[in-house]
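The values are calculated or read from the model by the stated rules, or taken from the named source; none is laboratory data. Keep in mind it's a predicted model, so treat the numbers as computed, not measured. Using ideal geometry, Cβ is built from the backbone for each residue, glycine included, and neighbour counts are taken over all protein chains shown.
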Amino acid sequence: MCLCNLGIQLDGLVQRLVDLRCPAALLRRAAGLTAESLELDWPAFDLRLLFLLAAKCPAARQDLRLHRRGVAQLTQLLQLASEPPLLSDKRCDLLGDLVKVLYTLAAGTAGPGDKDDSLAEGEETAFHQLAGLLRRLLLADCTSPDRRDRLTQHCVSLLLCLPRDSFDRLLSEDVPAAASSAASTASNFEGKGVEAIDVVLNLLDTRLALFSASCTADPAAVAAVLPAGVSLTGGALENLVPVLSALFEACRSSRTIRRYCKHRLLPRRSSDQMAQLPEEGASMRSRLCRTLTHPCTQAADMAASLVHALAVRHTGYGNFAGFLARRGLLAAGPSAGDSTVYSSDSSGDGEDEDEDDGAGAADQQGGAADGDKANGAASWSYNPVTGRREPPRPDPTAGMTEEQKEFEVHRIMQAIDRLQATGVISPAVIGEDGRPCPVSHPLELMDRLAEQSGGKRREGGGGEESSDSDG
């Protein structure tokens with residue numbers, strides 16, 4: 001323990017311990033642990049010191065993983081340590097330290113989603129086994145809710161280091177047809193067990209609520225959304241972003257996980273819900289939509305990436321405009337420099353997704369129309385920008401003469417010119433690369449908009465269908 005505290009304060013001590021080959025010795029001791037020795041106190045201190053040395057010294061990190069099979073050896077230890085059906089507080093702390101060491105080794109020498117050929121010899125099997133063990137830990141029973149929350153957070157962070165073909169190991173084996181033929185239950189989806197994904201999604205729900213509450217700077221609001229017996233370690237942002245990132249990687253990698261996350265995060269809305277903005281309410285969808293426009297760009301960008309991997313149209317394109325502009329996706333199709341965020345197998349279910357979304361939109365609009373006809377009113381229409389159904393708006397130019405319309409156009413142009421001159425706004429149009437392109441004068445803005453709208457009409461007016469088919 002003293003070495004850990006000194007190592008945090010003195011960088012020179014860390015280098016001295018590395019020169020003495022302490023990381024390799026600590027790894028050998030960890031690999032030799034037995035079920036009986038795991039009940040002692042010193043293995044936890046060994047793992048904490050190993051984590052400190054690996055985190056602070058890139059050379060030690062690389063040596064442990066590439067030359068000493070650190071990931072494979074610690075994965076075997078993780079299997080041994082996670083065997084008890086009920087994890088005590090002491091065992092949860094030990095597992096948390098072990099998962100942190102594995103994350104340091106895996107994340108320090110490779111990025112998330114790396115191809116299998118970038119793995120060291122024998123690591124492909126170790127990572128596949130590690131994915132199955134993480135599923136076991138996500139579903140494990142713990143004596144303390146607080147330890148359960150911390151261990152889940154550590155496991156979610158480690159998910160970011162898994163190769164993409166390992167994420168399917170988070171799903172259980174095929175569920176018998178009799179158990180899943182009628183409809184998906186809480187733990188079964190499309191013939192697969194998704195209990196571990198449910199745990200991660202429940203954690204996301206909690207983290208989104210904490211992130212929203214933390215923006216109010218009211219400690220009572222934060223305490224109100226914390227589960228009973230759970231204390232938050234670290235800030236709301238640093239607890240939220242890894243969960244969003246892990247789900248994004250999982251959705252990119254597994255078609256089943258992506259479809260289930262869409263089922264949970266962006267479910268089909270009822271007729272009453274369609275009249276509300278997507279960001280209104282206390283559901284997980286609402287919290288996720290509010291995060292899209294949050295001033296914290298780190299959380300907003302990661303939330304947008306996750307939504308983009310699921311279905312943009314279910315959140316309102318207005319909430320998503322910033323992400324689309326940065327990625328060059330405001331035009332009819334992706335720009336040449338844009339790379340797809342979907343996994344290779346998710347593109348195969350595009351037809352199912354589009355057909356499902358189209359049916360949902362038709363049902364929603366059709367239901368609204370039937371209700372409005374019954375009341376003798378005009379039907380409401382779905383606004384893809386706001387993401388809700390809206391009543392028809394009166395034409396502001398109704399009853400105007402052509403001279404009055406021309407006068408209003410000139411007045412609006414002068415107002416835009418004043419706002420642009422004072423720097424309040426910067427008018428832009430969508431360039432060929434799909435990104436906003438500034439214009440120098442309102443007249444140029446109107447000419448460019450007229451050209452673009454005319455081009456879309458000549459293409460056949462299929463803009464709405466193409467936008468609805470996204471995601």
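Residue 266 meets the stated requirement of being out of contact with any Phe, Trp or Tyr (no Cβ under 8 Å at 6 or more places or on another chain), free of Cβ contacts under 8 Å to residues at least 60 places away in the same chain and under 22 Å from residue 196 (Cα atoms).
So if I check each of 44, 55, 72, 59, which one is in a helix (DSSP H, G or I), over 22 Å from residue 125 (Cβ atoms), within 30 Å of the chain's Cα centre (by Cα) and not charged (D, E, K, R)? Before you say what the answer is, go through the steps one by one.
Working: 44 fails: within 30 Å of the chain's Cα centre (by Cα); 72 fails: over 22 Å from residue 125 (Cβ atoms); 59 fails: within 30 Å of the chain's Cα centre (by Cα).
None of the other options fit; the residue is 55.
Does residue 436 satisfy being within 26 Å of the chain's Cα centre (by Cα), surrounded by 14 or more Cβ atoms within 10 Å (Cβ to Cβ), farther than 30 Å from residue 260 by Cβ and modelled with pLDDT of 50 or more? Criteria met by residue 436.
One residue alone among 162, 151, 138, 133 is closer than 17 Å to residue 199 by Cβ and modelled with pLDDT under 95, and that residue is 162. Scanning region 392-416 for residues that are part of a loop (DSSP other than H, G, I, E, B) and exposed (fewer than 13 other Cβ atoms within 10 Å of the Cβ) gives 392, 393, 394, 395, 396, 397, 398, 399, 401. Within region 231-273, the set of residues being within 18 Å of residue 159 (Cα to Cα) and assigned to a loop (DSSP other than H, G, I, E, B) comprises 254 only. A count restricted to region 274-300 and to residues that are buried (at least 18 other Cβ atoms within 10 Å of the Cβ) and either assigned to a helix (DSSP H, G or I) or among the acidic types (Asp, Glu) (or both) stands at 13.
Looking only at region 165-186, filter to residues that are closer than 18 Å to residue 258 by Cβ and modelled with pLDDT of 70 or more; which one of those is farthest from the chain's Cα centre (by Cα)? Per the stated criteria, the residue is 172. Considering only residues in region 10-41 that are basic (Lys, Arg) and not in a loop (DSSP other than H, G, I, E, B), the one that is nearest to residue 106 (Cα to Cα) turns out to be 28. Screening residue 261 with (1) surrounded by fewer than 19 Cβ atoms within 10 Å (Cβ to Cβ); (2) touching a residue at least 24 places away in the same chain (Cβ under 8 Å) gives one miss only, at (1).
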